[in-house]
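Asks: One structure coming up, written as structure tokens, with questions to follow.
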Amino acid sequence: RGPARRCLLALVLCCAWGTLAVVAQKPGAGCPSRCLCFRTTVRCMHLLLEAVPAVAPQTSILDLRFNRIREIQPGAFRRLRNLNTLLLNNNQIKRIPSGAFEDLENLKYLYLYKNEIQSIDRQAFKGLASLEQLYLHFNQIETLDPDSFQHLPKLERLFLHNNRITHLVPGTFNHLESMKRLRLDSNTLHCDCEILWLADLLKTYAESGNAQAAATCEYPRRIQGRSVATITPEELNCERPRITSEPQDADVTSGNTVYFTCRAEGNPKPEIIWLRNNNELSMKTDSRLNLLDDGTLMIQNTQETDQGIYQCMAKNVAGEVKTQEVTLRYFGSPARPTFVIQPQNTEVLVGESVTLECSATGHPPPRISWTRGDRTPLPVDPRVNITPSGGLYIQNVVQEDSGEYACSATNNIDSVHATAFIIVQALPQFTVTPQNRVVIEGQTVDFQCEAKGNPPPVIAWTKGGSQLSVDRRHLVLSSGTLRISGVALHDQGQYECQAVNIIGSQKVLAHLTVLPRVTPVFASIPSDTTVEVGANVQLPCSSQGEPEPAITWNKDGVQVTESGKFHISPEGFLTINDVGPADAGRYECVARNTIGSASVSMVLSVNVPDVSRNGDPFVATSIVEAIATVDRAINSTRTHLFDSRPRSPNDLLALFRYPRDPYTVEQARAGEIFERTLQLIQEHVQHGLMVDLNGTSQCQSLFFLPHGRSNGVEHASVKSHS
């Protein structure tokens, strides 16, 4: 019975697998290629997919784990309203765009962990009204938009651990009313006063007993590893708000715009609340009231009901403070412009934004305009704008924005003016940075380093974080360049150029490598060699040293030059082509650098094989006679040119034209011997005598001619006289 039962079980499994395979391959069922589909479940794991495949609308579980999906295309999950579970973990997704899951109204479980997500758009999870569990851990998320989770009323579990989150905007999780498990641990949370709202939220979770949460501090180091829920305002040195700019009394007429200034500092940044007659003002119920970003209260189109006592309150987790009470007086008669806020001299860093406040009251309401201090118009620049309150706002400040600015308030009664300076300061910025250098011991090296900034920065150099040695070899030029003369081995290391001004400092690094001076040392040397006539030979020679040595070759005391005969390879090997007897001799390889030189020599012997011939002996005697005649002529020419002084310009020209290269002399000698030999044979034949040419071609090597000439001229000449 046992074997029969096992056979039956195997048959059932085979049938089941066949059914699954058919479902997976059946195009009409909406199953993507190579995926495994069963009823409403689609599994496409480990398929190297780079995009979300199309699936049937009735799909309830879509498993896309362990693929290479990098982005979620718009509409990738359109019409999948029955989808309950979506697994996208272990892919390469970098961003969750807005509306990525908009149609998934019944999705309950969304797995996005172990991707490369860096950012989540504000409306990324819009439409997920049924989502209960969201897993975003093990990604690269640094910031979260506070509205990212506001459309998730049923979310019970949110995992964000093992990311790179440093700060959280207050209220980021306030909309999650069903939360039961929140994980923020293993991030890089900066626990400062701005995170106290999260501490309060976690304490609320703990007290209610309905939710569990984990969040730990990474910075500052003194509280590293502490649970955020245990942090108190006192140990974070949170500061109570303090007022830095108070409002002033104002007189208005009907239809004016009035500004009450209120600026406060504290840690965390205080919230600004305005009171009128001890009642909090609601900006939402009256469109004429506006709270500006800097805390200023703006009242437009003033009415008689606006008059009263105004007070500003600044509030944060550490406490609250109020300004003095000021009065808004309402008048119906015309009035000349008077400044409510005058611009003040302001310092600002390059790249930041700056506002010169300016507002005035009067009747009719004055018009605010701005010019440069010399009354020239402001440049037409999208960075420069006039705020609704009349202030001059410049964003992304550049150095050219420095200078005096004038604010004018004008109505049909009078005009008033006020000026202020914008002082643009800039961190040091490198214009020339030092580069890594490799030099030889004893040389001079320059590390160039130049920077700009406002105030102009000072250049300072250090080595390995310590001050440079004070000696004559180290000099910092006026340009900021570091010059090291007579570089020594101990000068090797990392050098730091620092550009410093009162705004801050910048640092750039460069590395100096010092190579010791080394005289040439041979890595390979030639040895005495014997070769056959007509062969090619290579004489090895290579060397090492610092600086890298140059290789030259001498033959019998005369330097060998590159030609068709001789070739010197980059590593120093000498190749001699078509070796002849004249190439025999002593060869010397010389390696030189700036430190010194070295040489090695060898003897090259050329083996001229004995010629066996059965031809006419007259040919051999003609060759011997031709060699003797040509050598006498060459020796006579040398004696005439070199053993006496030139007697005429022609002698001087002949001396100048005489070749110095041994190869050229031997080539010409061989040609003359060849021509003289043929001439003697021709004279012999013209006298009616016969010449037996059997075997004479074996004497070609005696002429020491290149192959081209011997094969072309000699054979043709002999043949013509046969």
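Asks: Considering the range 531-555 alone, what residues qualify as being more than 25 Å from A591 (Cβ to Cβ) and touching a residue at least 60 places away in the same chain (Cβ under 8 Å)?
Replies: Selection gives E532, V533, G534.
Asks: Same structure again: State the number of residues belonging to the range 104-119 that are closer than 19 Å to T41 by Cβ and either free of Cβ contacts under 8 Å to residues at least 24 places away in the same chain or among the polar types (S, T, N, Q) (or both).
Replies: 1
Asks: Which of (1) modelled with pLDDT of 95 or more; (2) surrounded by 16 or more Cβ atoms within 10 Å (Cβ to Cβ) is the odd one out, the single condition A76 does not satisfy?
Replies: (1)
Asks: Would you point out the residue of the range 335-353, among those that are over 30 Å from T253 (Cβ atoms) and not acidic (D, E), that is farthest from the chain's Cα centre (by Cα)?
Replies: Only one residue fits best here, namely N345.
Asks: Another question about this same structure. Check the range 170-187 and report whether any residue there is more than 17 Å from A213 (Cβ to Cβ), small (G, A, S), within 35 Å of the chain's Cα centre (by Cα) and at pLDDT 90 or above.
Replies: No - not one qualifying residue is present in the range 170-187.
Asks: When you look at R383, is it surrounded by 12 or more Cβ atoms within 10 Å (Cβ to Cβ) and over 19 Å from A409 (Cβ atoms), yes or no?
Replies: yes
Asks: Out of the residues in the range 288-308 meeting the condition of being crowded, with 21+ Cβ neighbours inside 10 Å and of a type in the set (S, T, N, Q), tell me which one is farthest from T327 (Cα to Cα).
Replies: T296
Asks: Among the residues in the range 227-241, are any assigned to a helix (DSSP H, G or I), of a type in the set (S, T, Y) and modelled with pLDDT of 90 or more?
Replies: Taking every residue of the range 227-241 in turn, at least one turns out to be assigned to a helix (DSSP H, G or I), of a type in the set (S, T, Y) and modelled with pLDDT of 90 or more.
Asks: Here is a check on your reading of the model: is F159 surrounded by 16 or more Cβ atoms within 10 Å (Cβ to Cβ), assigned by TED's automatic domain parsing to the domain that holds N90, within 39 Å of the chain's Cα centre (by Cα) and over 27 Å from N82 (Cβ atoms)?
Replies: Considered against the rule, which asks whether it is surrounded by 16 or more Cβ atoms within 10 Å (Cβ to Cβ), assigned by TED's automatic domain parsing to the domain that holds N90, within 39 Å of the chain's Cα centre (by Cα) and over 27 Å from N82 (Cβ atoms), F159 comes out as no.
Asks: Quick check on my filter: what residues within the range 549-603 are in a strand (DSSP E or B) and among the aromatic types (F, W, Y)?
Replies: Listed by number, the residues that qualify are W553, F566, Y587.
Asks: Take the range 201-213 and flag every residue that is part of a helix (DSSP H, G or I) and either of a type outside the set (D, E, K, R) or surrounded by 14 or more Cβ atoms within 10 Å (Cβ to Cβ) (or both).
Replies: L201, L202, K203, T204, Y205, A206, S208
Asks: Between A229, A206, A211, which is farther than 25 Å from R164 by Cβ and hydrophobic (A, V, I, L, M, F, W, C)?
Replies: So the residue among A229, A206, A211 that is farther than 25 Å from R164 by Cβ and hydrophobic (A, V, I, L, M, F, W, C) is A206.
Asks: Let me ask something else about it. Taking the range 61-111 on its own, how many of its residues are in a loop (DSSP other than H, G, I, E, B), among the aromatic types (F, W, Y) and over 18 Å from H151 (Cβ atoms)?
Replies: Looking only at that region, the number is 1.
Asks: In the range 342-386, which residues are without any contact (Cβ under 8 Å) to a residue 40 or more places away in the chain, in a loop (DSSP other than H, G, I, E, B) and of a type in the set (V, I, T)?
Replies: Answer for the range 342-386, where residues must be without any contact (Cβ under 8 Å) to a residue 40 or more places away in the chain, in a loop (DSSP other than H, G, I, E, B) and of a type in the set (V, I, T): T376, V380.
Asks: I need the full set of residues from the range 263-287 which are within 30 Å of C191 (Cα to Cα) and either surrounded by fewer than 22 Cβ atoms within 10 Å (Cβ to Cβ) or touching a residue at least 60 places away in the same chain (Cβ under 8 Å) (or both), in order please.
Replies: R263, E265, N267, P268, K269, E271, I272, I273
Asks: Just the residues that are part of a loop (DSSP other than H, G, I, E, B) and either surrounded by fewer than 20 Cβ atoms within 10 Å (Cβ to Cβ) or on the phi > 0 side of the Ramachandran plot (or both), please, taken from the range 124-140.
Replies: Answer for the range 124-140, where residues must be part of a loop (DSSP other than H, G, I, E, B) and either surrounded by fewer than 20 Cβ atoms within 10 Å (Cβ to Cβ) or on the phi > 0 side of the Ramachandran plot (or both): K126, G127, A129, S130, E132, F138, Q140.
Asks: Same structure again: Which numbered condition trips up T216, out of (1) touching a strand residue (DSSP E or B) at 6+ places or on another chain (Cβ under 7 Å); (2) over 20 Å from I195 (Cα atoms); (3) of a type in the set (S, T, N, Q)?
Replies: Unmet condition: (2).
Asks: From the list V487, V500, which residue is touching a residue at least 40 places away in the same chain (Cβ under 8 Å), surrounded by 14 or more Cβ atoms within 10 Å (Cβ to Cβ), in a loop (DSSP other than H, G, I, E, B) and not charged (D, E, K, R)?
Replies: Exactly one residue qualifies, and that residue is V487.
Asks: Looking only at strands (runs of 3 or more DSSP E) that fall completely inside the range 435-477, which ones have 2 or more residues that are under 25 Å from the mean Cα position of the chain (by Cα) and touching a residue at least 40 places away in the same chain (Cβ under 8 Å)?
Replies: Once the strands (runs of 3 or more DSSP E) in the range 435-477 are filtered for at least 2 residues that are under 25 Å from the mean Cα position of the chain (by Cα) and touching a residue at least 40 places away in the same chain (Cβ under 8 Å), what remains is 437-440, 450-454.
Asks: Right, here's the next one. Is at least one residue of the range 507-523 in contact with a helix residue (DSSP H, G or I) (Cβ under 9 Å, 6 or more places away or on another chain), within 23 Å of I440 (Cα to Cα) and modelled with pLDDT of 90 or more?
Replies: The answer is yes, given that some residue of the range 507-523 is in contact with a helix residue (DSSP H, G or I) (Cβ under 9 Å, 6 or more places away or on another chain), within 23 Å of I440 (Cα to Cα) and modelled with pLDDT of 90 or more.
Asks: With the checklist (1) touching a residue at least 60 places away in the same chain (Cβ under 8 Å); (2) farther than 30 Å from R336 by Cα; (3) surrounded by 17 or more Cβ atoms within 10 Å (Cβ to Cβ) in hand, flag the one item F260 doesn't pass.
Replies: (2)
Asks: Looking only at the range 158-214, which residues are at positive phi and among the hydroxyl-bearing types (S, T, Y)?
Replies: Of everything in the range 158-214, just one residue is at positive phi and among the hydroxyl-bearing types (S, T, Y), namely S186.
The values are calculated or read from the model by the stated rules, or taken from the named source; none is laboratory data. Predicted model, so just to flag it, every value in this text is computed and none were measured. Virtual Cβ from ideal backbone geometry, glycine too; neighbours counted across all protein chains shown.
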